[in-house]
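Asks: Handing you a structure now.
The values are calculated or read from the model by the stated rules, or taken from the named source; none is laboratory data. All of these numbers come straight from a predicted model, not from anything done at the bench. Note that we place each Cβ from the backbone using ideal geometry, even for glycine, and neighbour counts take in every protein chain shown.
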Amino acid sequence: MMTNDFLFLEREDYPHYYHLCSDGELTPQFITCDEDFRVAFNLVGVCAANSKVRVLAFSIEDTHLHSLLYGTKAGCVEFKTLYEESWNHHIGRIRGTREGADIELELIPVDSEEYLMNVGTYTIYQATKDGKQVMPYDYRWGTGSMYFRGTGYQPIWTTDIYGNCFPLVRVAEYSEHARRRLLCSRLEVPGSWSICGDILLPDNYIDVCHFERIYRTANCYRVFLGDNRNRDQMVQEKMAAFRGISLEDTEARKHCKDIMKALHGFQDVRRLDGHQRMLLAQELRKRLKLSARQISSLSLLPYKEVCKYV
């Protein structure tokens, strides 16, 4: 089932698996209360409804998030950008500052079946791995409760802590004002989608069957979920390699000028045309492993274009 996904990894028009994640060290104030968790959780569904991507799994932690996506690179970049813009706008409006909470996501291509199976369970296992006293299938702010369940499964978002059921309401039943309050976004979702206890239910958009096909059997999934040492090492090494060395903006600017001098004989990026700026952006990514934000600032290219093409 998955062989072609890795054979055509370099084809941007071909659907592929991506690990979408953030660096918790950069966002220590990402989540500070249950309301933040609810907003961050619901925004996954909002972005799924407004991009050409399948969300297979995700987990939201106090300082970061992880998600497994399936789609073209353009579709996954669209999801990534929508989430960043939606969350950063919301948190700036609510708190009056985005310091410590301004999220910048990383989109890491999955390059092997082993890595796919490891990153899938790494995403699910985050709550337990990070020290919370809860098993993945009982964690409210992730999708670990959705896979390989028997008949009669009751989604954990449909009841309160005492087991009382919340009413199930269709999105279309909410007024425009109420929808924006619940979703914290001007983006719309299908009116047929369900909301329960102020949660946009993941059942609306999580591709559970696709995720289960990755592992084929419940026993295989259990094995990968439990083999945490090898899994964590593989996923963490991939993230570290993708992030590269973190540079201060002033140091990154100096390196950029050096590259400009070597390539063009001058240091003013404003003298470059669009094609030359894109080549510079690619060199910055290749040589320095800079973030999309830094590359956008240094090359004077739009952030969205850097995410899409660099």
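Asks: Of all residues in the stretch 89-107, which are farther than 18 Å from ASP23 by Cβ and free of Cβ contacts under 8 Å to residues at least 24 places away in the same chain? Break it down stepwise before answering.
Replies: Start the filter on the stretch 89-107 by keeping residues that are farther than 18 Å from ASP23 by Cβ, which leaves 89-90, 92-97.
Listed by number, the residues that qualify are HIS89, GLY92, ARG93, ILE94, ARG95, GLY96, THR97.
Listed here are the residues, each with its yes/no results for (1) of a type outside the set (Asp, Glu); (2) part of a helix (DSSP H, G or I); (3) closer than 24 Å to VAL39 by Cβ; (4) assigned by TED's automatic domain parsing to the domain that holds HIS66.
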residue	(1), (2), (3), (4)
VAL119	yes, yes, no, yes
TYR125	yes, yes, yes, yes
SER145	yes, yes, yes, yes
GLU212	no, yes, no, yes
TYR221	yes, yes, no, yes
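Asks: Can you report the number of residues in the stretch 70-101 which are surrounded by fewer than 21 Cβ atoms within 10 Å (Cβ to Cβ) and in contact with a Gly (Cβ under 8 Å, 6 or more places away or on another chain)?
Replies: Of the residues in the stretch 70-101, 1 are surrounded by fewer than 21 Cβ atoms within 10 Å (Cβ to Cβ) and in contact with a Gly (Cβ under 8 Å, 6 or more places away or on another chain).
Asks: Related question: Going by the conditions given, is ARG229 within 24 Å of the chain's Cα centre (by Cα), assigned by TED's automatic domain parsing to the domain that holds SER145 and not in a loop (DSSP other than H, G, I, E, B)? Break it down stepwise before answering.
Replies: Working: within 24 Å of the chain's Cα centre (by Cα): yes; assigned by TED's automatic domain parsing to the domain that holds SER145: yes; not in a loop (DSSP other than H, G, I, E, B): yes.
Taking the combined requirement at face value, the residue satisfies it.
Asks: Of MET234, MET278, which residue is under 22 Å from the mean Cα position of the chain (by Cα) and either over 30 Å from ASN164 (Cβ atoms) or in the same structural domain as ILE60 (by TED's automatic domain parsing) (or both)? Write out each step before concluding.
Replies: Numbers: MET278 fails: under 22 Å from the mean Cα position of the chain (by Cα).
Only one candidate passes the filter, namely MET234.
Asks: Before we move on, is CYS256 in contact (Cβ under 8 Å) with a residue 40 or more places away in the chain, in contact with a strand residue (DSSP E or B) (Cβ under 8 Å, 6 or more places away or on another chain) and surrounded by 15 or more Cβ atoms within 10 Å (Cβ to Cβ)?
Replies: Details: in contact (Cβ under 8 Å) with a residue 40 or more places away in the chain: yes; in contact with a strand residue (DSSP E or B) (Cβ under 8 Å, 6 or more places away or on another chain): no; surrounded by 15 or more Cβ atoms within 10 Å (Cβ to Cβ): yes.
Criteria not met by CYS256.
Asks: Taking the stretch 127-143, which residues are among the hydroxyl-bearing types (Ser, Thr, Tyr) and either assigned to a loop (DSSP other than H, G, I, E, B) or under 14 Å from TYR221 (Cβ atoms) (or both)?
Replies: Residues satisfying the conditions are TYR137, TYR139, THR143.
Asks: Any residue that is modelled with pLDDT under 95 and over 19 Å from CYS184 (Cα atoms) - is there at least one of those in the stretch 85-98?
Replies: Within the stretch 85-98, not a single residue is modelled with pLDDT under 95 and over 19 Å from CYS184 (Cα atoms).
Asks: State all residues of the stretch 274-305 that are at negative phi and not in a helix (DSSP H, G or I); if no residue qualifies, say none. Walk me through how you get there before you give the answer.
Replies: First, the residues of the stretch 274-305 that are at negative phi: 274-288, 290-299, 301-305.
Across the stretch 274-305, the qualifying residues are LEU290, SER291, LEU301, PRO302.
Asks: Look at VAL119 and say whether it is touching an Asp or Glu at 6+ places or on another chain (Cβ under 9 Å) and either buried (at least 16 other Cβ atoms within 10 Å of the Cβ) or closer than 19 Å to SER22 by Cα (or both).
Replies: Numbers: touching an Asp or Glu at 6+ places or on another chain (Cβ under 9 Å): no; either buried (at least 16 other Cβ atoms within 10 Å of the Cβ) or closer than 19 Å to SER22 by Cα (or both): yes.
It is false that VAL119 is touching an Asp or Glu at 6+ places or on another chain (Cβ under 9 Å) and either buried (at least 16 other Cβ atoms within 10 Å of the Cβ) or closer than 19 Å to SER22 by Cα (or both).
Asks: Moving on. Would a scan of the stretch 276-288 turn up a residue that is under 21 Å from ASP23 (Cα atoms) and either acidic (Asp, Glu) or surrounded by fewer than 16 Cβ atoms within 10 Å (Cβ to Cβ) (or both)?
Replies: The initial filter retains those residues of the stretch 276-288 that are under 21 Å from ASP23 (Cα atoms), namely 284-288.
Filter once more, so that each one left must be either acidic (Asp, Glu) or surrounded by fewer than 16 Cβ atoms within 10 Å (Cβ to Cβ) (or both): 286-287.
Yes, the conditions are met somewhere in the stretch 276-288.
Asks: Right, next: What number of residues in the stretch 132-158 are under 16 Å from LEU68 (Cβ atoms) and of a type in the set (Gly, Ala, Ser)?
Replies: So the answer is 3.
Asks: If VAL110 satisfies every condition in (1) touching a residue at least 12 places away in the same chain (Cβ under 8 Å); (2) within 13 Å of the chain's Cα centre (by Cα) but one, which is the exception?
Replies: So VAL110 meets the others, but not (2).
Asks: Please specify each residue of the stretch 214-228 satisfying the condition of being out of contact with any Gly (no Cβ under 7 Å at 6 or more places or on another chain) and farther than 24 Å from GLN154 by Cβ. Step through it out loud before you land on a result.
Replies: Here is the first cut: in the stretch 214-228, the ones out of contact with any Gly (no Cβ under 7 Å at 6 or more places or on another chain) are 215-228.
Within the stretch 214-228, ARG216, CYS220, VAL223, PHE224, GLY226, ASP227, ASN228 qualify.
Asks: Now for a separate question. Restrict the check to the stretch 180-196 and report whether at least one residue is closer than 28 Å to VAL119 by Cα, touching a strand residue (DSSP E or B) at 6+ places or on another chain (Cβ under 7 Å) and in a strand (DSSP E or B).
Replies: The answer is no, given that none of the residues of the stretch 180-196 is closer than 28 Å to VAL119 by Cα, touching a strand residue (DSSP E or B) at 6+ places or on another chain (Cβ under 7 Å) and in a strand (DSSP E or B).
Asks: In addition: Can you go through ALA252, ALA262, ALA292, ALA241 and tell me which one is at pLDDT below 90 and within 30 Å of VAL46 (Cβ to Cβ)? Lay out the reasoning, then the answer.
Replies: Numbers: ALA252 fails: within 30 Å of VAL46 (Cβ to Cβ); ALA262 fails: within 30 Å of VAL46 (Cβ to Cβ); ALA241 fails: within 30 Å of VAL46 (Cβ to Cβ).
Going through ALA252, ALA262, ALA292, ALA241 in turn, just one is at pLDDT below 90 and within 30 Å of VAL46 (Cβ to Cβ): ALA292.
Asks: Let me ask another. Could you list, in sequence order, all residues of the stretch 170-179 that are surrounded by 14 or more Cβ atoms within 10 Å (Cβ to Cβ) and outside any loop (DSSP other than H, G, I, E, B)?
Replies: In the first step, residues of the stretch 170-179 are kept if they are surrounded by 14 or more Cβ atoms within 10 Å (Cβ to Cβ); the result is 171, 174, 179.
Across the stretch 170-179, the qualifying residues are VAL171, ARG179.
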